[in-house]
1. Report yes if some residue within the stretch B:51-60 is more than 16 Å from DNA strand D (Cβ to nearest atom) and under 16 Å from the mean Cα position of the chain (by Cα); otherwise report no.
2. Which pairs turn up if I take residues in the stretch A:37-57 that are over 9 Å from A:Ile13 (Cα atoms) and look for partners that are part of a loop (DSSP other than H, G, I, E, B) and more than 13 Å from DNA strand C (Cβ to nearest atom) with beta carbon separation below 8 Å, at least 6 apart in sequence or on another chain?
3. Which condition breaks for A:Gly143 when tested against (1) modelled with pLDDT of 75 or more; (2) part of a helix (DSSP H, G or I); (3) more than 10 Å from chain B (Cβ to nearest Cβ)?
4. Considering only the stretch B:12-21, how many residues are within 14 Å of B:Ser51 (Cα to Cα) and within 12 Å of DNA strand D (Cβ to nearest atom)?
5. Exactly one of these conditions fails for B:Gln102: (1) more than 14 Å from every other protein chain (Cβ to nearest Cβ); (2) away from DNA strand D (no atom under 16 Å from the Cβ); (3) surrounded by 15 or more Cβ atoms within 10 Å (Cβ to Cβ). Give me its number.
6. Which count do you get for residues in the stretch B:169-185 that are touching a Pro at 6+ places or on another chain (Cβ under 9 Å), closer than 20 Å to B:Thr71 by Cβ and within 9 Å of chain A (Cβ to nearest Cβ)?
7. Any idea which of (1) facing chain A (nearest Cβ under 10 Å); (2) without any contact (Cβ under 8 Å) to a residue 60 or more places away in the chain is the one B:Arg137 doesn't satisfy?
Protein chains: 2
Amino acid sequence: MARMTPPERRAAIVAAALEVMLHKGIAATTVRDVADRMGTSSGLVHHYFASMDDLLAAAFEQAATADLAVTTAAVEAQTGPVERLRAFFATYARAEQDWAFQLWLDAWAEAARRPTLRETSQRLNVKWQQVLAQCIRDGVAAGAFVCPDPDGAAWRILSLLDGLALQSVAHRVPIDRAAVITWSAGFAEAELALPAGALAGPAGPASVTAAAAAAATPAAGRAAPRRPG
Amino acid sequence: MARMTPPERRAAIVAAALEVMLHKGIAATTVRDVADRMGTSSGLVHHYFASMDDLLAAAFEQAATADLAVTTAAVEAQTGPVERLRAFFATYARAEQDWAFQLWLDAWAEAARRPTLRETSQRLNVKWQQVLAQCIRDGVAAGAFVCPDPDGAAWRILSLLDGLALQSVAHRVPIDRAAVITWSAGFAEAELALPAGALAGPAGPASVTAAAAAAATPAAGRAAPRRPG
DNA sequence: GCACCTGTTGCGCAGGTGTCCAACAGCGAT
DNA sequence: ATCGCTGTTGGACACCTGCGCAACAGGTGC
């Protein structure tokens, strides 16, 4: 194969590993799979990564960091505290994330047995919580809402979002994402002492707003996603 | 090895498979592991299970069904609708479930690639939802609470519980389970138009009640679990 | 022209995998 | 005593795994 500079080759290997991991699963990804996808030899992979675990961890870390960066950027693009929260929910539930969440799910399950992966997964989880907690702290400082425990609230809200994503991906439950957003926002409002519906206003993508309005139900004054019962 | 009647042997294989799955992970469980644990030959396993997938699915199904039975029994031991809901939350968050939830996590991740496992996991998930939904429906019929969409509410509450368990198991976040119960109950109260604190009353185990009271915070009138920020 | 460096190759090794199968052991029926 | 049935054995089969290593290639400095 064509010669590459070390950083390029390293990035290429990580990219190839990521593609394989996504549709074969982390546990089932092999060195030869990665090499074949690049059209190179398996030895080359080991020239850049001491062990298979290192490669898997590096690939997952890159994907996870990229996910976080997208959300962070979307949040920071907004100025008001409420708008920032809306942006957080919208990117977390964005449609393209189904395949990405399967990767997270794999990583969480695998984390119990792979220390490197666990360390990465824990670290990223904390970072995600910090982004949300900072949103909340800023809002509290600006007087937009009240929250006695921003870290705890961020943790609880994230748990809820992950639980919903779990249902969607693991159980293949079709979900109205706009409804998820507004429903989760309802919980967040309770956490932040916001009036009901305060977070359900106009969000980033126009479709989100429209669908949210359509999904609105009289019960508890907030929209609720359904699973086909 | 000693001769067994077919049902006995089948049960023994499933039990052995379960033990291996629990501390090696579903993906890493091999036929020889299972045979070794029983002290028999690998060929015997294949005499009872056509393929490895069949064995894994059968073992997971047994464990999952047992989990569900425990919760169902705890719920049906109570008579009042509110007491039944309390029992549901208490058994879902019971302490011994950490290792069990790791098995669920494995199954969910593996479900994407193993059709038999996915089918089982989906079916059990629906059953769990039905138990909770029936609790809600009974309560509505008895006039204990109001809920326009019992199936949807059950699904949302379960998503939340799974999300919290995910944080606890995958990220190794130590959780005050009693606080989780009361906090989740807070969400449930909103879903069911119950007054705040209605579900936080005396539950099955005495320790739960005591801890819940101790964890109660003035904010929003309900206890909230924290993660170490 | 040469030596050197480094990305790259292709294969070998030792081990582990699911699956299959011929042979064996114990027991009930004949 | 013999036959047949069935639970059980232990190993063969083909394949795949991560990893290591000797050899190669193509460019750079001398």
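1. Checked against the condition, which is being more than 16 Å from DNA strand D (Cβ to nearest atom) and under 16 Å from the mean Cα position of the chain (by Cα), the stretch B:51-60 yields at least one hit.
2. A:Asp53/A:Arg114; A:Leu56/A:Ile26; A:Leu56/A:Thr29; A:Leu56/A:Arg114; A:Ala57/A:Arg114
3. Here A:Gly143 clears every test but (2).
4. Looking only at that region, the number is 1.
5. Only one criterion in (1) more than 14 Å from every other protein chain (Cβ to nearest Cβ); (2) away from DNA strand D (no atom under 16 Å from the Cβ); (3) surrounded by 15 or more Cβ atoms within 10 Å (Cβ to Cβ) is unmet by B:Gln102, namely (1).
6. Total satisfying the criteria: 1.
7. In the conditions (1) facing chain A (nearest Cβ under 10 Å); (2) without any contact (Cβ under 8 Å) to a residue 60 or more places away in the chain, B:Arg137 misses (1) alone.
Residues are listed down the side, and each one gets a yes or a no for (1) at pLDDT 90 or above; (2) in contact with a Ser or Thr (Cβ under 7 Å, 6 or more places away or on another chain); (3) farther than 30 Å from A:Ala87 by Cα:
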| site | (1), (2), (3) |
| --- | --- |
| A:His23 | no, no, no |
| A:Asp33 | yes, no, yes |
| A:Thr40 | yes, no, yes |
| A:Val45 | yes, no, yes |
| A:Leu55 | yes, no, yes |
| A:Glu61 | yes, yes, no |
| A:Ala66 | yes, no, no |
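The values are calculated or read from the model by the stated rules, or taken from the named source; none is laboratory data. What you see is a predicted model, and the numbers here were worked out from it, not measured in a lab. FYI the Cβ positions are ideal-geometry reconstructions off the backbone, even for glycines, and counts take in every protein chain you see.
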